[in-house]
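The values are calculated or read from the model by the stated rules, or taken from the named source; none is laboratory data. Because the structure is a prediction, the values reported are computed rather than measured. Using ideal geometry, Cβ is built from the backbone for each residue, glycine included, and neighbour counts are taken over all protein chains shown.
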Amino acid sequence: MSQVQIPQDSGSRRDYVKGLFNSIAGTYDLLNTLLSFRMDLLWRRKTVKIANVPPGGFVLDLCTGTGKLAFDFAGRSQASQVIGTDFSQDMVAQALDFKKSIPAPSRQKIIFFQGDALRIPFKENTFDAISCAFGIRNVVDLKEYFSETHRVSKVGGILLTLELTRPSNRLVRIGYYPYLHFYLPLIGRWVSGNPFAYEYLAKTITEFVSPGDILALMEKQGWKKCRAIPLTGGIATLFVGIK
């Protein structure tokens, strides 16, 4: 049984999640890579490939964390500018540090700043592609997330939301749930030093809405051609919609 108690009201939950991610910012990437068996690298590259950003396109990466998906867009797409934003100041600080070490052509495309995925500070019809990796489980209002992203997307623009989900494959589930609820929190606690951060991760995956519910929310907020692409047996899912 998880000892994590996640606040239910939106204000308290926002503060809780921000504090949690500030506390694990320094080990976040290492743990994601270890705990996904490096699959997160392939998932992000697939996201960039499906985005198919047009030459000179503008990309917004929400819940950017330490900027890994933003870096992939800068280095692996035809985007002219990639903007990454996250509400954890420590995550943004990590992203800015990593930015110093990437090649200059990619580095010059990227801007990072602290911000909220539910209050996007850009005008309507701005971005060719909007992405979010492993972030919407922490968003307090999914309806507002899909509404705000729709507002700032260009007509014909694409939304790509990558998230950890419950696998649909029965064989995958046999090994997945013991790993999710025992081994993942144990390794996460050992590496990050936070006793509850990866119990929180397991709990939010278990309690997260289904892919079908996500697609329904997207369609209600105006996204079209919505689809859910299961990755690695459904351990992760890429949700795609077009404005």
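Within the range 8-33, how many residues are modelled with pLDDT of 75 or more, of a type in the set (S, T, N, Q) and farther than 14 Å from Leu184 by Cβ?
2
Looking at (1) surrounded by fewer than 15 Cβ atoms within 10 Å (Cβ to Cβ); (2) modelled with pLDDT under 90; (3) part of a loop (DSSP other than H, G, I, E, B), which one does Gly222 not meet, given that it meets all the others?
Of (1) surrounded by fewer than 15 Cβ atoms within 10 Å (Cβ to Cβ); (2) modelled with pLDDT under 90; (3) part of a loop (DSSP other than H, G, I, E, B), only one is false for Gly222: (2).
Note down all Cβ pairs under 7 Å where the first residue falls in the range 230-243 and is over 14 Å from Thr47 (Cβ atoms), the second is polar (S, T, N, Q) and part of a strand (DSSP E or B), and they're at least six residues apart or on different chains.
Lys243/Ser153
Do you know which residues across the range 49-66 are surrounded by 18 or more Cβ atoms within 10 Å (Cβ to Cβ) and out of contact with any strand residue (DSSP E or B) (no Cβ under 7 Å at 6 or more places or on another chain)?
Matches in the range 49-66: Thr66 only.
Is it the case that some residue within the range 97-114 is out of contact with any helix residue (DSSP H, G or I) (no Cβ under 8 Å at 6 or more places or on another chain) and either more than 23 Å from Thr66 (Cβ to Cβ) or crowded, with 16+ Cβ neighbours inside 10 Å (or both)?
no
Checking the structure you have, find out if any residue of the range 34-48 is surrounded by 16 or more Cβ atoms within 10 Å (Cβ to Cβ), touching a strand residue (DSSP E or B) at 6+ places or on another chain (Cβ under 6 Å), at pLDDT 75 or above and more than 29 Å from Gly175 (Cα to Cα).
no
Output the residues belonging to the range 193-214 that are over 21 Å from Ser168 (Cα atoms) and under 19 Å from the mean Cα position of the chain (by Cα).
Ala197, Tyr198, Glu199, Tyr200
Which of the residues that make up the range 180-193 are among the small types (Gly, Ala, Ser), over 23 Å from Leu231 (Cβ atoms) and assigned to a helix (DSSP H, G or I)?
Ser192
Return yes or no: is Phe146 surrounded by fewer than 22 Cβ atoms within 10 Å (Cβ to Cβ) and of a type in the set (A, V, I, L, M, F, W, C)?
Details: surrounded by fewer than 22 Cβ atoms within 10 Å (Cβ to Cβ): no; of a type in the set (A, V, I, L, M, F, W, C): yes.
So Phe146 does not fit the description; no.
For the range 164-179, what are the residues that are touching a strand residue (DSSP E or B) at 6+ places or on another chain (Cβ under 6 Å) and either part of a strand (DSSP E or B) or more than 12 Å from Pro230 (Cα to Cα) (or both)?
Leu164
To keep it simple, each residue is scored yes or no on (1) polar (S, T, N, Q); (2) within 26 Å of Asp29 (Cβ to Cβ); (3) modelled with pLDDT under 95.
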| site | (1), (2), (3) |
| --- | --- |
| Gln78 | yes, yes, no |
| Lys109 | no, yes, no |
| Lys123 | no, no, no |
| Cys132 | no, yes, no |
| Glu144 | no, no, no |
| Gly157 | no, no, no |
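Within the range 121-133, how many residues turn out to be surrounded by fewer than 22 Cβ atoms within 10 Å (Cβ to Cβ) and not acidic (Asp, Glu)?
Going through the range 121-133 one residue at a time, the tally reaches 5.
Given the structure, is Phe134 of a type in the set (A, V, I, L, M, F, W, C) and more than 15 Å from the chain's Cα centre (by Cα)?
It is false that Phe134 is of a type in the set (A, V, I, L, M, F, W, C) and more than 15 Å from the chain's Cα centre (by Cα).
Could you check how many residues of the range 195-218 are surrounded by 14 or more Cβ atoms within 10 Å (Cβ to Cβ) and in a helix (DSSP H, G or I)?
Total satisfying the criteria: 14.
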